């Protein structure tokens, strides 16, 4: 389900000319590229591991390398969407500053920063640094980040910048964008009777509302898995039904990615 939804992102860009003409098209294209990587590499690997099961022998290095081509792409995608949210916030809250984010140096920085953050963080479990490592889950056969000492504080070194920090930044951005869109529509309705400008502001409000709802569902779908794997890993690894439910929630989050990226 998640792969099918994310694979629609390229079609959205190719079939909708106004999207290709968007001032954010370069960052949108980056997010679309990451959706393709996740649906074409990360999801098949996770599915194959589940199908093979825990009894299938894996190379000794496999779980150590696992975050570099699975978790890493997720975190790059999360931070890429955060860069897109910051650009959208600048466009509506400080339009006079927006041209600065369209410079080549700024675009390159917005492209590279998510990759640097992601692979820096994923070197920790890959190399068993700062007390976190990758272990194989006994029931499903997939690999999971765990604390060597079984303490939560070590996992937070990874989880806070990988999950919570970008979520907070995106939430602030889209809350401000939604608030400004509501205010601009109200001001336009009070100051002028220009139907075209009012209609444009209403469309902007619809997009802002959709982005905020996608962000809300992102938190609803992703945070339960993060909380269980960080604070109750024993419960998570020993209950297949719980893993299936949380995996379904995570998949619904991925299904909303094309909406958030291509609005």
Over the stretch 88-243, what relative contact order in percent results from Cα pairs under 8 Å that are six or more residues apart?
21 percent
Restricting to Cα atoms and excluding each atom paired with itself, what does the Kirkwood estimate give for the stretch 49-194 in Å?
18.0 Å
Neighbour counts of other C-beta atoms within 10 Å: give me 242, 89 arranged from fewest to most.
242, 89
By count of other Cβ within 10 Å, fewest leading, how are 43, 239, 96 ordered?
96, 239, 43
Can you give the FRET efficiency to the nearest 0.05 for residue 151 and residue 51, using r as the Cβ-Cβ distance and R₀ = 30 Å?
0.35
Note the listed values [x] 15.0; [y] 20.3; [z] 17.2, then indicate which one is mean projected area of the Cα convex hull in nm² calculated from this particular structure.
[x]
Hey, quick one: spin label on residue 130, modelled 7 Å out along Cα-Cβ, who in the stretch 154-190 has an amide N within reach, i.e. under 18 Å?
154-169
Tell me the relative contact order for the stretch 151-263 as a rounded percent, counting alpha carbon contacts under 8 Å between residues six or more apart.
29 percent
With an 8 Å Cα cut-off and a minimum separation of 6 or more residues, compute the relative contact order for the stretch 2-261 in percent.
24 percent
So the FRET efficiency between residue 58 and residue 247, C-beta based with R0 = 30 Å and rounded to 0.05, is 0.95
FRET efficiency estimate (nearest 0.05) - Cβ-Cβ, residue 139 to residue 210, R0 35 angstrom
0.40
Stokes-Einstein D (µm²/s) once Rh is taken as the Kirkwood radius of the stretch 118-157 over alpha-carbon pairs, at 25 °C in 0.890 mPa s
237 µm²/s
Ranked from fewest to most other Cβ atoms within 10 Å of their own Cβ, 61, 248 fall in the order 61, 248
With T = 10 °C, eta = 1.306 mPa s and Kirkwood Rh from C-alpha pairs, the Stokes-Einstein D of the stretch 33-133 in µm²/s is about 102 µm²/s
Reported to two decimal places, what Rg/Rh ratio describes the stretch 162-263 when computed on Cα atoms with Rh from the Kirkwood expression?
1.17
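Read-outs throughout are calculated quantities, based only on the coordinates presented, and are distinct from any laboratory measurement. Computed from a predicted model, the values in this text were never measured in an experiment. Glycine also receives a Cβ, built like all others from the backbone with ideal geometry; neighbour counts cover every protein chain displayed.
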